[in-house]
1. Looking only at residues in region 65-120 that are out of contact with any Ser or Thr (no Cβ under 9 Å at 6 or more places or on another chain) and among the aromatic types (Phe, Trp, Tyr), which one is farthest from SER147 (Cα to Cα)?
2. Quick one: is TYR29 within 21 Å of TYR143 (Cα to Cα) and in contact (Cβ under 8 Å) with a residue 60 or more places away in the chain?
3. Give all pairs with beta carbons closer than 8 Å in which a residue from region 190-219 that is in contact (Cβ under 8 Å) with a residue 12 or more places away in the chain and near the ligand (Cβ under 8 Å from one of its atoms) meets a residue that is among the aliphatic types (A, V, I, L, M) and assigned to a loop (DSSP other than H, G, I, E, B); count only pairs at least 6 apart in sequence or on separate chains.
4. All but one of (1) surrounded by 12 or more Cβ atoms within 10 Å (Cβ to Cβ); (2) within 14 Å of the ligand (Cβ to nearest atom) hold for GLU28; state the number of the condition that does not hold.
5. Mind telling me which of the residues ALA301, ALA282, ALA286, ALA296 ends up being out of contact with any Pro (no Cβ under 7 Å at 6 or more places or on another chain), modelled with pLDDT under 95, in a helix (DSSP H, G or I) and over 21 Å from GLU226 (Cβ atoms)?
6. In region 104-131, what count of residues is obtained for those that are within 14 Å of the chain's Cα centre (by Cα), farther than 19 Å from HIS161 by Cβ and either of a type in the set (A, V, I, L, M) or assigned to a loop (DSSP other than H, G, I, E, B) (or both)?
7. Which of the residues that make up region 115-135 are away from the ligand (no atom under 11 Å from the Cβ) and either surrounded by fewer than 21 Cβ atoms within 10 Å (Cβ to Cβ) or closer than 25 Å to ILE19 by Cβ (or both)?
8. Among the numbered conditions (1) surrounded by fewer than 13 Cβ atoms within 10 Å (Cβ to Cβ); (2) within 14 Å of the ligand (Cβ to nearest atom), tell me where MET65 comes up short.
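The values are calculated or read from the model by the stated rules, or taken from the named source; none is laboratory data. These numbers come from a predicted model, not from an experiment. Cβ sites come from the backbone with ideal geometry, for glycine too, and all protein chains shown count toward neighbours.
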Amino acid sequence: DYALRLAEFEARIARGEKIEPGDWMPEEYRRQLVRMISQHAHSEVVGMLPEGAWITRAPSLKRKMILIAKVQDEAGHGQYLYHAAETLGISREEMLEALLSGRAKYSSIFNYPTLTWADIGTIGWLVDGAAIKNQTMLAQCSYGPYSRAMVRICAEETFHHKQGKEMVIAYAKGTPKQRQMAQDAINRWWWPALMMLGPHDADSPNSEVLIRWGVKTKSNDTVRQEFINEHAPEILATGLSLPDPELHQDPQGNWRHGPINWEEFWSVVGGNGPMNKERLEARRRAHTEGAWVREALEAYAAKKSPIPMA
Ligand code: ACO
């Protein structure tokens, strides 16, 4: 019966076993994973937009090639994640419908504009840096397909992170104008990067069950602290500053931040951030304009299939 199955399920997780697609799982575990993985997939796909906008304006061929590769990687991450969610019984069409109709969430961070070229480096360093901290934690998660997707994704994110860091360091050491551009980008992205890792633990309704079932292996605040501890001293070492007058290192070595503007966060999550409307419009347009590609793929598959397709 249910109690017995649940006990066996929890014992498997406690032993560090992975739960696989055909295995028994509580409905709430399935629901939580579909929620998280689909939101994550949408974030990767929407995340292509702020950076994609700069491909035509990259300042050199090298930077352009790096950016094209990075944006293409994000599309691939979206693919792995949609596949991982499909193993839980939801279809890609259902997930896309939820995104395009505006019902689904995706990461708050992608609702901010990329105003200058330095934003591209800063996204790599800060946004991908925050994503890696979150995703390294999720690579340990109890659901096999999600944890394996995270291993591959983190390897690629590490390249994204390094190219961003290299770029910001180069501009920090560059002309006064380049330095100013880098500082302005850091000022605009720092707080949204902290928010991206989710509300404080006390305001995170999903954390308890996710941690109990080994989906999250660290809390939002723990991951945020890891992110700040790595990034604050590195950014300060470039000679750039951070837009938080209260930022300081405590006697235990942790870098403590000032209050986060959660009102801004919830407004962005609720659809009212600076770029929410544009992002969704761009996704809808891409979906409509890409209809012929989906139709062509189906026609091609039907032609090649030995069994007539319904
Ligand atoms: N942007 C949008 N919504 C958010 C964000 C955010 N940055 N952080 C939290 N929320 C939402 C949650 O989805 C949840 O809403 P829901 O219950 O309607 O789905 C609500 O705020 C409350 O938050 P939590 O209870 O803390 O949510 P959760 O426990 O799921 O933790 C977190 C949030 C850490 C983002 C988690 O979902 C996660 O690890 N997701 C996978 C990673 C991911 O999506 N990364 C995307 C950006 S990385 C990239 O694309 C490069």
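1. TRP117
2. yes
3. Short answer, once both residue conditions are applied: MET195/ILE260.
4. For GLU28, the exception is condition (1).
5. ALA301
6. Residues that pass the stated criteria total 2.
7. LEU115, THR116, TRP117 - these are the residues of region 115-135 that are away from the ligand (no atom under 11 Å from the Cβ) and either surrounded by fewer than 21 Cβ atoms within 10 Å (Cβ to Cβ) or closer than 25 Å to ILE19 by Cβ (or both).
8. The failed condition is (2).
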